[in-house]
1. Is there any pair with a first residue in region 240-253 that is of a type in the set (D, E, K, R) and a second that is part of a strand (DSSP E or B) and surrounded by fewer than 19 Cβ atoms within 10 Å (Cβ to Cβ) whose Cβ atoms are under 6 Å apart and which are 6 or more apart or on different chains, and what are they?
2. Does Asp79 satisfy the condition of being surrounded by fewer than 17 Cβ atoms within 10 Å (Cβ to Cβ), closer than 30 Å to Glu178 by Cα and touching a residue at least 12 places away in the same chain (Cβ under 8 Å)?
3. Look through region 256-281, keep the residues that are crowded, with 19+ Cβ neighbours inside 10 Å and out of contact with any Ser or Thr (no Cβ under 9 Å at 6 or more places or on another chain), and return whichever of them is farthest from Asn310 (Cα to Cα).
4. Any residue at all in region 191-213 that's of a type in the set (Gly, Ala, Ser) and under 30 Å from Thr37 (Cα atoms)?
5. With respect to Ala325, is the statement that it is at pLDDT 95 or above, of a type outside the set (D, E, K, R) and part of a strand (DSSP E or B) true?
6. Of the residues Ala75, Ala84, Ala122, Ala103, which single one is assigned to a loop (DSSP other than H, G, I, E, B), at pLDDT 95 or above and either at negative phi or among the acidic types (Asp, Glu) (or both)?
7. Looking only at residues in region 328-357 that are outside any loop (DSSP other than H, G, I, E, B) and under 22 Å from the mean Cα position of the chain (by Cα), which one is surrounded by the most Cβ atoms within 10 Å (Cβ to Cβ)?
8. Could you identify the single residue in Asp253, Asp268 that is modelled with pLDDT under 95 and of a type in the set (D, E, K, R)?
Amino acid sequence: MRISRMMAALLMATALPMTALAQSDDSLAKMREFRTTGTSLDIPQIDQKGETADRLRGILEDIEMPEGFEIDLFAVVPDARHMALGNSVPVVFVGTRKDKFWAVTDRDGDRVADEVKEFAPALDLAVPNGPCMTPDGFLVLAEHNRVLMFPAAEFFYESPDVAVAEVVPQGELIPVEEESFNHGARVCDIGPDGMLYISMGQPHNVPPAEKMDLYNEVGMGGIIRLNTDGSGREVYARGIRNSVGMDFNPANDELWFTDNQVDGMGDDIPPGEMNRITASGQNFGFPWYGGGTTRTNEYMDAEIPADVVNPEAEYTAHAADLGMAFYGADAFPAKYHGGIFSAQHGSWNRTTPVARG
């Protein structure tokens, strides 16, 4: 079954866009066909024992941890954002908002990285922020405007050439004319139904009304889902400003997600959100609400849709919630079992920044 799915993924019919760089097109085509690209086998590694590591450990010494927790440096990974754990080998795949995607290896299992190097350096990547792993070991990478699948990432990750398929070809995740430097980092997850879920922030602080029909149609400012072969795409949720963290509740399979809210409204409004999806097609209130029950200035006089779903929890304004995950293990104290951990990177849009670890 695993081999047949791998071959099916590799043989997906995809047309390489004319706008992509010729060299990147050529590398992608070769890697789809299990051919070498000529990329050097000597992939540079990130120093794990230098001054940067020492400085980071020094910062950690000043962090006060709750009872039952310890903190230490696992790896030095430039521009690290979202992560996906390997299923069968000790490797962590780490995305960035730039053009690098990293493989972090802990070969001896001591919870300190032995090696950090670029994954698939033969490919040109654009905001490879969102990795996620299927239960049978296929690595999915959601870029700004493309989705790739690496059917045997855990087998090939030490080589520059990696078997790859396009789930969504370049330029087809969102309309090319809507590509933006703002809110372009995607995250993904595999649902209990086996489908691929991708959150897609829209490029505005608050979008103009004339953009709403387009965004609702393609799923910008929402979450889409599709089969892992790229078929069956649908908009799963809308009314979302910029979600960069989501996870399924193992207790009932419901999808929860964070949502970063409107800037420029003041230090203490609007709050960030934690939301829960109970059915396909739900609307979570943006842009009529800028966060919680705070109306946006741009849509203050607009009629609020009757089907808006309120958040499950609200966060300090501008705390910038990123990745979130349900905790299903038992190493932490009992009160955390079954709960949610949500990472906040802190504020820029506040007179007094909200500092977060």
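1. Once the first residue is of a type in the set (D, E, K, R) and sits in region 240-253, its partners that are part of a strand (DSSP E or B) and surrounded by fewer than 19 Cβ atoms within 10 Å (Cβ to Cβ) give Asp247/Ala325; Asp247/Phe326.
2. On the way: surrounded by fewer than 17 Cβ atoms within 10 Å (Cβ to Cβ): yes; closer than 30 Å to Glu178 by Cα: yes; touching a residue at least 12 places away in the same chain (Cβ under 8 Å): yes.
Judged against the criteria, Asp79 is a match.
3. Looking at the filtered set, the residue picked out is Trp256.
4. No; the residues of region 191-213 include none that is of a type in the set (Gly, Ala, Ser) and under 30 Å from Thr37 (Cα atoms).
5. Details: at pLDDT 95 or above: yes; of a type outside the set (D, E, K, R): yes; part of a strand (DSSP E or B): yes.
Against the criterion (at pLDDT 95 or above, of a type outside the set (D, E, K, R) and part of a strand (DSSP E or B)), Ala325 qualifies.
6. Ala75
7. The residue in question is Gln344.
8. Numbers: Asp253 fails: modelled with pLDDT under 95.
Among Asp253, Asp268, only Asp268 is modelled with pLDDT under 95 and of a type in the set (D, E, K, R).
The values are calculated or read from the model by the stated rules, or taken from the named source; none is laboratory data. None of the values given here were measured: they were computed from a predicted structure. Counting neighbours? That spans all protein chains shown, and the Cβs are built from the backbone with ideal geometry, glycine included.
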